[in-house]
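See below for the structure under consideration.
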Amino acid sequence: MQVSQKCQYALRAVFELSRRYGQGPVKNADIAEAQAIPPRFLEVILGQLRGTGVVDSRRGKAGGYFLARHPDQLTIGEIIRLMGGAVGPVDCVAEPPEKSCPLHGQCVFLPIWEQARKAVVDVYDNVTFQDLLEKDEKLKQRSAPSYVI
């Protein structure tokens, strides 16, 4: 299972909105620039996220996009699923299931695929955007130059 480029862009857009949570609406162009997302593609993604209730928008000169919920209430897994991404190593155990397998129930690999899916789901569903903000802050502190002699 690979997270699609569209889904990665959606995750980065939600992350950028998480960074600016509570600061008012953010312009599409500012999100695109900060997260290296093609602006036209971002418009489509933000429209989808708005339709799901994750993101809201305000029109006008001071308009833009903002998160409809606090970053600690949004998980990576939720955004992946909302953007149509299946969560699972193979189609037959993906969440949601994409195809049924003709060997279902008799497949020796099925327990392995299910175990892998559970591990991935556990990671995606237990990492919030607030967690990512905290990790981002630690990364910034580590990479800041030190002038101590």
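The values are calculated or read from the model by the stated rules, or taken from the named source; none is laboratory data. Everything quoted here is computed from the prediction, not taken from an experiment. Glycine also receives a Cβ, built like all others from the backbone with ideal geometry; neighbour counts cover every protein chain displayed.
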(request) For the stretch 70-88, state whether one or more residues are assigned to a helix (DSSP H, G or I), closer than 19 Å to Ser4 by Cβ and of a type in the set (D, E, K, R). (result) yes
(request) For Arg81, indicate whether it is closer than 23 Å to Ala29 by Cα, modelled with pLDDT under 95 and not polar (S, T, N, Q). (result) no
(request) Quick one: in the stretch 9-40, of everything that is more than 16 Å from Val55 (Cα to Cα) and surrounded by 15 or more Cβ atoms within 10 Å (Cβ to Cβ), which residue is farthest from the chain's Cα centre (by Cα)? (result) Ala34
(request) Please list, ordered by first then second residue, the pairs with beta carbon atoms under 6 Å, 6 or more apart or interchain, first in the stretch 33-51 and in contact (Cβ under 8 Å) with a residue 24 or more places away in the chain, second acidic (Asp, Glu) and surrounded by 15 or more Cβ atoms within 10 Å (Cβ to Cβ). (result) Gln35/Glu16
(request) Return only the number of the condition from (1) surrounded by 19 or more Cβ atoms within 10 Å (Cβ to Cβ); (2) out of contact with any Leu (no Cβ under 6 Å at 6 or more places or on another chain); (3) in a helix (DSSP H, G or I) that Gln115 does not satisfy. (result) (1)
(request) Select from the stretch 1-36 the residues that are assigned to a loop (DSSP other than H, G, I, E, B), out of contact with any Lys or Arg (no Cβ under 6 Å at 6 or more places or on another chain) and not small (Gly, Ala, Ser) and list them in ascending order. (result) Met1, Gln2, Val3, Arg20, Tyr21, Gln23, Lys27
(message) Take Leu49 and tell me if it is crowded, with 19+ Cβ neighbours inside 10 Å, more than 16 Å from Phe129 (Cα to Cα), touching a helix residue (DSSP H, G or I) at 6+ places or on another chain (Cβ under 8 Å) and not polar (S, T, N, Q).
(response) no
(message) Filter the stretch 52-67 down to the residues that are crowded, with 17+ Cβ neighbours inside 10 Å and either in a strand (DSSP E or B) or out of contact with any strand residue (DSSP E or B) (no Cβ under 9 Å at 6 or more places or on another chain) (or both) and list them by number.
(response) Val55, Gly64, Tyr65, Phe66, Leu67
